[in-house]
Every structure is written in C-alpha cells, then in structure tokens.
Amino acid sequence: MKKKITLIFVPLFLLLFASYSFSQQSEVQPVEFKKISDRLYEIVGGRGANGGAYIGDNAVLIIDAKMDQKSVDQVIKGIEKIADNPIKYLVNTHSDGDHVTGNQYFPETVTLISHENCRKELFHPSSDGTPSEWNKPELAPFIPSLTFRDKMDVYLGSMRIELWYFGIGHTTGDTVVYFPEEKTAFLGDQIFLTRPQLIHSYKGGNSFEHVKTLVKMLDTLNAEKFCSGHSEIADREAISNHIDQMKKRQEKVKELIEKGKSLEEIKSEFEENEARLIESIYNEIKSSMG
C-alpha cells in the first residue's frame, strides 16, 4: 500500500510543479522604464512590444502603445512618477497589433502620429483575411491623425525629436524615431536580433528593400544606440551584422533557385525558425524573375 501511494504522489507533485512553473513563466512582466538619459527611457514589459518615452520641456512623447489597458495604465502611471508634464504625442512605429492596439487606452487628448503608410495599413485585413478592428467607428479617435511622408520634426519646448522614413522593410510604413542629443534611434520591428527577421509580405514588406532601408538609415543618422520592439539595445555593429546576415540568406536562396530547387527544398537548407523569412525571400526573387 505504501509503495502505491508513493507512486501516485510523485507524479502528482511533478504535475503540480510543472503547472506552477508554466504559469510563472507565462505571467506578463510588469512595465518597466529603463533609463537611457535624463530625458529618454526604453519601456519594456507588459503585453506588447518594447517602446519608449521622452520627457520634453513641456510634454511627453511615447513610442508605441502596448496591447491592453493594464499595460497602458502602467505606462501612464510610470510617466507620472518621472515627469510633471502630460503625454502629448504617441508615435506608432508601424501597424502591428503589439505596437498599436493600446492606442485606444490612452487619453483622447494625446495626438497620434505615424507614417502615412502605417495609417493605411491599420485598415488592411490581417494575414488570414480577417477584417481589421480599426474599421470600427468607435476606434476612430485612436487612429493616427498626424502623418508624414519622408521626415518630420516634433518639438517639446526646446527639444527636437526627428521622425524618419527610410523606405519599405518590415512593412511599408516603418518609422524611425531619432533623438539627436542621445544619439539613440527607436526602430520598432525593423530589426530582430535574437530570431530571424520578420517581413510582413502581406503588408507590402520586402526583405531586399529592408536591407536598403537599414543601409540608408546608418548612412543618414549618427545614432549609436538602436532600440527595437523585441531585442536588447543594439549598436551600429549589430545593425551592420544584421544586414550582412540578411544578404547572405538572400544570396543563398538565389543560388538554390538557380539550381532548380523548390521552396520546400530550399527551406530545408536553413534553420526551422527561418522558414517564414526564407519564403518571403524566395517569393521576392521569383517575382523579380517574372
């Protein structure tokens, strides 16, 4: 009898422990403000991608919006602890849900800014054809009302923030938010450093244009730090290495296509987690070949 009880108890304990461990790991980390300078912070944690906050002379600018009200409330409370000024601007770096869904939980007094293509992409169906939530009339106040085409400067008193568009990449509407004094740029999802780059082909994203866009950004900006939606802060060397890795993948895919390999055969030549990127590169090359 004792032996049977022991055999039942141990698996039950392991099951409970595994369940507890999984729940601990799946818990959303609270929003945290990581200081870059006295005025500039990276916002991590919560539900949604990494973002940022800039404390100007007379107002605050937020970069990207998280995904739910709890996370946005934490962002707002965090700002109240480090600034006396109100949030005046919210910049969406692009149209992905983990960057824009939280727009609706900010006060309507906040002015939303994005690239003009990002605003258009908010209304596009998702990759599976599901209609966009942003077509609902009640969300109209939380769609960017201020857009730009190539470059726009935003002033918070004497402090200037530069919004740049360098071209198609992750999507067709990716904004780089640049802080000249800090030599720091926020890129949204234009770089993934711990996993293969994500290219939203269904939104018009393109891996070859992505490379050109990043090269243009490095040539234009004197940035030393690059903050992104899903990676640690990177330096110029990390961006250059990312560009080189993208080019090597593209060259390899092209060589395999010229050898008559099928898409599935080409995918098998890469890591499993690269499949989506490789498919995008494959389709881009095949399209260019006519």
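The values are calculated or read from the model by the stated rules, or taken from the named source; none is laboratory data. Since the structure is predicted, the reported quantities are computational estimates derived from the model, not experimental observations. Positions of Cβ are generated from backbone atoms using ideal geometry, with glycine treated the same way; all protein chains shown enter the neighbour counts.
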Residue under evaluation H200, criteria (1) of a type outside the set (A, V, I, L, M, F, W, C); (2) more than 14 Å from the chain's Cα centre (by Cα); (3) closer than 14 Å to H94 by Cβ, criterion not met: (2)
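Residue check: is L277 modelled with pLDDT of 95 or more and more than 22 Å from D174 (Cβ to Cβ)?
Against the criterion (modelled with pLDDT of 95 or more and more than 22 Å from D174 (Cβ to Cβ)), L277 does not qualify.
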Conditions (1) touching a His at 6+ places or on another chain (Cβ under 6 Å); (2) more than 26 Å from T171 (Cα to Cα); (3) of a type in the set (D, E, K, R): number failed by D64: (2)
Helices (runs of 4 or more DSSP H) lying entirely in region 236-290 (those with 1 or more residues that are over 22 Å from the mean Cα position of the chain (by Cα) and touching a residue at least 24 places away in the same chain (Cβ under 8 Å)): 236-258, 275-288
Test: residue in region 107-123 that is acidic (D, E) and either surrounded by 20 or more Cβ atoms within 10 Å (Cβ to Cβ) or assigned to a helix (DSSP H, G or I) (or both): yes
Qualifying residue in region 218-236 (condition: out of contact with any strand residue (DSSP E or B) (no Cβ under 9 Å at 6 or more places or on another chain), at pLDDT 95 or above, within 30 Å of Y155 (Cβ to Cβ) and among the small types (G, A, S)): yes
Given (1) surrounded by fewer than 13 Cβ atoms within 10 Å (Cβ to Cβ); (2) out of contact with any Phe, Trp or Tyr (no Cβ under 9 Å at 6 or more places or on another chain), number of the condition N283 does not satisfy: (1)
Restricting region 178-217 to residues that are charged (D, E, K, R) and outside any loop (DSSP other than H, G, I, E, B), the residue that is modelled with the lowest pLDDT: K203
Candidate set from region 58-100 (those that are touching a residue at least 60 places away in the same chain (Cβ under 8 Å), more than 22 Å from T130 (Cα to Cα) and touching a Pro at 6+ places or on another chain (Cβ under 8 Å)); member that is surrounded by the fewest Cβ atoms within 10 Å (Cβ to Cβ): A59
Residue list for region 152-197, restricted to those being touching a residue at least 12 places away in the same chain (Cβ under 8 Å) and among the charged types (D, E, K, R): R160, E162, D174, E181, E182, K183, D189, R195
Count - residues of region 121-170 that are among the aliphatic types (A, V, I, L, M), over 18 Å from the mean Cα position of the chain (by Cα) and farther than 18 Å from L187 by Cβ: 5
Count of residues meeting criterion [within 25 Å of E232 (Cβ to Cβ) and of a type in the set (A, V, I, L, M)] in region 127-185: 5
Qualifying residue in region 87-98 (condition: among the acidic types (D, E), under 29 Å from R39 (Cβ atoms) and in contact with a Gly (Cβ under 7 Å, 6 or more places away or on another chain)): yes
Count - residues of region 198-216 that are among the aliphatic types (A, V, I, L, M), surrounded by fewer than 23 Cβ atoms within 10 Å (Cβ to Cβ) and in contact (Cβ under 8 Å) with a residue 40 or more places away in the chain: 1
Residue in region 143-158 that is at pLDDT below 95 and either part of a helix (DSSP H, G or I) or more than 15 Å from M246 (Cβ to Cβ) (or both) present: yes
Selection from region 96-115 of residues that are among the acidic types (D, E) and under 17 Å from the mean Cα position of the chain (by Cα): D96, D98
Region 60-100, residues that are polar (S, T, N, Q) and under 19 Å from T147 (Cβ atoms): N92, T93, S95
